[in-house]
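Step one of this worksheet: look at the structure below.
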């Protein structure tokens with residue numbers, strides 16, 4: 001359960017950092033009058049609410065993946081663990097997901113420059129490479145099934161299918177949001193009205209954040225599937241003891 | 001604290017939020033059924049939770065009948081008994097308590113108490129309720145599928161949860177797991193709303209340290225639930241795959257009835273870790289909103305500011321953080337490394353410190369207060385007593401050496417019913433009596449309320465106090481019938497009959513409460529906008545019950561904390577949070 005404990009420690013650190021800036025040592029019973037602070041003070045909040053909502057959701061999804069990694073590494077530590085060969089196509093998939101992430105980041109930058117032609121093309125690149133990523137994952141599954149590695153065979157196979165499936169579902173959910181964003185960008189004229197520019201930028205930015213998260217999660221999961229991570233963990237253990 | 005302005009007489013103009021921001025219902029269906037108004041969603045959540053809770057109440061009667069008068073109800077066989085236990089536990093903990101505190105009270109109170117017009121994502125909030133309702137319906141469907149609901153115990157431990165010969169292994173366990181996953185998805189949608197509304201939806205002047213403790217409790221519990229429920233989600237998916245696809249996440253190699261099963265290589269302990277990583281925070285997910293609400297009830301009905309507000313806030317946050325590092329104290333007897341047991345016993349006992357701080361602060365708030373023995377106050381006092389009681393037996397069970405002999409006895413049943421059954425339910429009742437006037441504009445009947453309180457309170461002790469003793473005798477929990485045992489005296493059976501009779505009476509008292517809820521809707525005394533003369537914002541709405549949008553044209557501005565009761569020199573014994581300061585009351 002070390003992965004989830006580390007994840008929770010990270011969340012706790014963020015929470016305490018945030019709380020420490022909230023004047024928690026104030027003595028509210030002595031303070032009468034309007035106090036100026038970020039939200040309660042009436043100033044427009046620095047973060048849009050959709051962005052905060054997404055961050056909270058990422059914490060939830062992060063918790064789910066941290067738990068899966070915890071369970072996976074806990075099971076791996078048992079004596080009878082038998083690994084399965086990781087299909088080479090996963091390397092290609094990893095590159096595709098990195099490409100999608102870069103494309104979305106480029107879209108954010110283009111949006112900042114108000115270059116909505118650039119936003120359109122980069123969104124399409126991200127969309128296509130994410131779809132290709134999912135297709136590649138399915139291909140990896142088919143290769144494994146073809147060589148007789150069924151989910152019910154042993155826990156290593158089951159974990160492989162479970163982890164890739166849950167990650168894939170998260171990509172699929174992200175694609176729904178990305179399709180809506182892409183459709184909106186294509187609906188608008190090449191130089192959108194000033195009031196919609198802000199909304200478009202925000203949607204693109206939210207997609208980019210989500211994709212960076214998915215990429216980060218995938219890299220961690222991939223390192224576990226490739227057994228680098230447990231080499232690393234055992235190295236740490238050896239170094240500590 | 002340089003930015004504090006003392007004694008500023010001029011009121012600050014309110015932040016006006018245009019009406020257009022809100023989605024306005026256009027028909028009966030969008031107003032009462034598919035409503036995006038947090039208050040309607042709150043009522044939908046509450047009524048659904050109370051309805052399914054009634055099912056769990058009836059199940060507890062049936063269980064008690066079997067324990068007190070074995071064989072009297074012939075339709076209760078061993079399988080049914082286990083199904084009743086499982087469904088009773090699961091419904092009460094998740095579908096009643098969690099849903100009612102967060103979905104019900106959270107939805108109603110967060111926007112009103114913070115001076116917001118609604119939750120920040122009203123559409124997602126509406127979806128949250130409908131997914132929750134679906135989860136409840138799928139759960140209820142378990143009673144009608146072939147083989148009935150699962151009888152694996154509310155902890156659903158593998159391997160027995162999905163093996164043949166466990167009641168409900170055909171469909172019941174599948175339905176249960178699907179329902180749990182739906183519940184978690186629905187809750188996540190709602191939880192995002194509660195958190196972001198607290199972060200972003202507060203009105204002008206409502207700093208975090210001016211929030212009522214109710215909001216602090218619900219907020220912290222929601223954050224915990226968002227982080228803890230994924231553990232149950234992961235566990236549920238993996239068990240579902242074990243059951244449906246024959247994978248072996250949790251299923252070891254098993255020989256059953258002389259036959260080698262297809263499973264092999266899974267780890268049952270892994271499920272226990274996942275389950276309790278959710279399960280222990282769950283206790284505090286239920287307890288923290290109760291802590292918050294009870295603080296407000298005590299302060300309001302004792303006409304005194306809450307003692308140690310800052311400590312109360314810090315204690316809530318500390319309990320929330322600590323509750324994530326104690327999960328394995330549910331697993332002392334699972335054969336884990338004794339060093340782990342020592343670690344988890346230590347963290348468990350450390351939680352007693354912030355919890356004790358809270359109890360002292362409640363008692364010190366009452367000290368020399370102007371205590372009004374209203375029904376909400378009675379329930380709040382009942383909470384303190386039952387919670388302290390259950391908390392103390394928690395100290396017993398938190399120690400490995402004491403837990404090992406008591407584990408899986410009725411002592412554990414008595415402990416957790418006292419601490420996370422009776423105590424939060426006391427708060428729920430108190431809160432309903434307290435906020436019902438805001439929901440309906442009418443008071444609940446006082447005499448019926450007092451009857452309800454005394455029967456429930458005394459009855460709860462009559463049920464669970466003897467149960468501790470039964471547990472110390474060594475009577476195991478989860479047994480359909482005891483049979484002949486040398487270590488249990490026959491007088492224990494008399495005690496069991498007594499407990500059963502008490503349970504039936506307490507159950508009947510809840511019908512009085514239900515009657516009161518519906519009767520007062522029409523015949524209750526009109527309450528006015530602020531019958532308890534309370535300071536928090538939800539009592540200062542222009543109309544009662546508040547309409548969609550809550551506040552009319554202008555949002556309230558907050559000038560003070562939530563506990564200005566009996567301020568020396570003030571004209572009234574309470575100063576609402578949105579009352580501007582005058583030069584006389586700096």
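The values are calculated or read from the model by the stated rules, or taken from the named source; none is laboratory data. In this text the structure is predicted, and so the values were computed from the model without any measurement. When we count neighbours, we look across all protein chains shown, and the Cβ atoms used for this are built from the backbone with ideal geometry, even at glycine.
Restrict the check to the stretch B:194-207 and report whether at least one residue is more than 8 Å from chain A (Cβ to nearest Cβ) and under 17 Å from the mean Cα position of the chain (by Cα). Yes, that holds for at least one residue.
For the stretch B:537-556, the tally of residues that are within 14 Å of another protein chain (Cβ to nearest Cβ) and at pLDDT below 90 stands at 2.
Residues in the stretch A:48-79 that are surrounded by fewer than 19 Cβ atoms within 10 Å (Cβ to Cβ), within 9 Å of another protein chain (Cβ to nearest Cβ) and farther than 21 Å from residue B:226 by Cα: A:74, A:78. If the condition is being crowded, with 18+ Cβ neighbours inside 10 Å, over 30 Å from residue B:434 (Cβ atoms) and touching a residue at least 40 places away in the same chain (Cβ under 8 Å), then the stretch B:453-473 contributes B:468, B:470, B:471.
Does at least one position in the stretch B:566-578 carry a residue that is part of a loop (DSSP other than H, G, I, E, B) and free of Cβ contacts under 8 Å to residues at least 12 places away in the same chain?
Filtering the stretch B:566-578 for residues part of a loop (DSSP other than H, G, I, E, B) gives B:566-573, B:575-578.
Those still in the list that are free of Cβ contacts under 8 Å to residues at least 12 places away in the same chain too: B:568, B:571.
Checked against the condition, which is being part of a loop (DSSP other than H, G, I, E, B) and free of Cβ contacts under 8 Å to residues at least 12 places away in the same chain, the stretch B:566-578 yields at least one hit.
Consider residue B:205 carefully, then state whether it is out of contact with any helix residue (DSSP H, G or I) (no Cβ under 6 Å at 6 or more places or on another chain) and either in a loop (DSSP other than H, G, I, E, B) or buried (at least 20 other Cβ atoms within 10 Å of the Cβ) (or both). Judged against the criteria, residue B:205 is a match. Figure legend. Inter-residue proximity from the stretch B:260-277: first residues facing another protein chain (nearest Cβ under 7 Å), second residues surrounded by fewer than 22 Cβ atoms within 10 Å (Cβ to Cβ) and not in a loop (DSSP other than H, G, I, E, B), beta-carbon distance below 7 Å, spacing 6+ or different chains. Indicated pairs: B:267/A:75; B:270/A:74; B:270/A:75. When residue B:306 is tested against (1) part of a helix (DSSP H, G or I); (2) facing another protein chain (nearest Cβ under 10 Å); (3) buried (at least 22 other Cβ atoms within 10 Å of the Cβ), only condition (1) is not met. Number of residues in the stretch A:166-179 that are over 12 Å from residue A:210 (Cβ atoms), within 14 Å of another protein chain (Cβ to nearest Cβ) and surrounded by fewer than 15 Cβ atoms within 10 Å (Cβ to Cβ) equals 1.
If we scan the stretch B:178-186, do we find a residue that is in a helix (DSSP H, G or I) and at the interface with chain A (Cβ under 10 Å from one of its Cβ atoms)? Yes, the stretch B:178-186 contains at least one residue that is in a helix (DSSP H, G or I) and at the interface with chain A (Cβ under 10 Å from one of its Cβ atoms).
I'd like the full set of residues that are over 22 Å from the mean Cα position of the chain (by Cα) and free of Cβ contacts under 8 Å to residues at least 12 places away in the same chain, limited to the stretch A:148-173.
Just the residues of the stretch A:148-173 that are over 22 Å from the mean Cα position of the chain (by Cα), to begin with: A:148-158.
Selection gives A:148, A:150, A:151, A:152, A:153, A:158.
Determine, yes or no, whether residue B:32 is modelled with pLDDT of 90 or more, in a helix (DSSP H, G or I) and farther than 30 Å from residue B:495 by Cα. Steps first, please.
Numbers: modelled with pLDDT of 90 or more: no; in a helix (DSSP H, G or I): yes; farther than 30 Å from residue B:495 by Cα: yes.
Against the criterion (modelled with pLDDT of 90 or more, in a helix (DSSP H, G or I) and farther than 30 Å from residue B:495 by Cα), residue B:32 does not qualify.
Looking only at the stretch B:123-157, residues that are out of contact with any strand residue (DSSP E or B) (no Cβ under 8 Å at 6 or more places or on another chain), at negative phi and part of a loop (DSSP other than H, G, I, E, B) come to 9 in all. Here the condition is being within 30 Å of residue A:25 (Cα to Cα) and out of contact with any strand residue (DSSP E or B) (no Cβ under 7 Å at 6 or more places or on another chain); of B:259, B:282, it holds for B:282 alone.
Taking the conditions exactly as written (surrounded by fewer than 17 Cβ atoms within 10 Å (Cβ to Cβ), in contact (Cβ under 8 Å) with a residue 24 or more places away in the chain and under 26 Å from residue B:422 (Cα atoms)), does residue B:476 satisfy them or not? Quick ask: steps written out before the conclusion?
Working: surrounded by fewer than 17 Cβ atoms within 10 Å (Cβ to Cβ): yes; in contact (Cβ under 8 Å) with a residue 24 or more places away in the chain: yes; under 26 Å from residue B:422 (Cα atoms): yes.
So residue B:476 fits the description; yes.
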